[in-house]
Amino acid sequence: MQSKSTKRTKRRTATLAAIAMTSGAMFTVMAPGMAEAQSGSRICGNWWAGTYNGGTQEVIWSRVIEVPKTDGIACQRAIDRTDKVGTTTLPQRIKNFKDLKWGSRQRISGWSCESYSQELLSAKYGDDVCLKMTRADTAVEVNNRTISHFWVDN
């Protein structure tokens, strides 16, 4: 039998996946006047949901790179490059969580900056994290770009 935390994590994962699939089309219709820099960018990478404190609390950890929205090769390279939790980059606060257990990796493939910021990160870092990032314009630049890390806990 699955714990409430596992069910909640699976439900959240399914919800976020559905949002990601529809957010690009909805965003284009809802906000056509956005600045060119953001509308031409997408977030690619990975995220994980972890439970701690006996499975009663959850943390979301993500590792991402901003890429051009039309460059599928750069996006795939960003996904490949960010495919591990990377425990050396975790903030001390997360390292201190009692009995932290990570769930499976969830891919972020071509999410709009705004959707990623508002839906996955609950706007903890503002409505558009891309404003704080430097875009990798090619797959070669993805190899040399610093990976951005974002997290949210409850």
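Values as computed for the structure displayed
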| item | result |
| --- | --- |
| Å² of accessible area per residue within the range 35-154, as computed with a 1.4 Å probe and no ligands counted | 47 Å² |
| Set of aspartates and glutamates with alpha-carbon distance to Lys95 below 16 Å, sequence-local pairs under 8 removed | Glu58, Asp153 |
| Theoretical gain in end-to-end length, Lys95 to Leu131 [0.36 nm per residue, Cα-Cα removed] | 10.2 nm |
| Segment Asn154-Ile73, length gained on full extension (0.36 nm per residue, minus Cα span) | 25.7 nm |
| Where trypsin sites (Lys or Arg not before Pro) fall in DSSP loop in the range 72-103, at most 10 other Cβ within 10 Å | Lys98 |
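The values are calculated or read from the model by the stated rules, or taken from the named source; none is laboratory data. Computed from a predicted structure; not experimentally measured. Note that we place each Cβ from the backbone using ideal geometry, even for glycine, and neighbour counts take in every protein chain shown. For the accessible areas, the whole protein counts, side chains as well, though only heavy atoms, and no ligand, DNA or RNA atoms are used. Shrake-Rupley method; radii C 1.70, N 1.55, O 1.52, S 1.80 Å.
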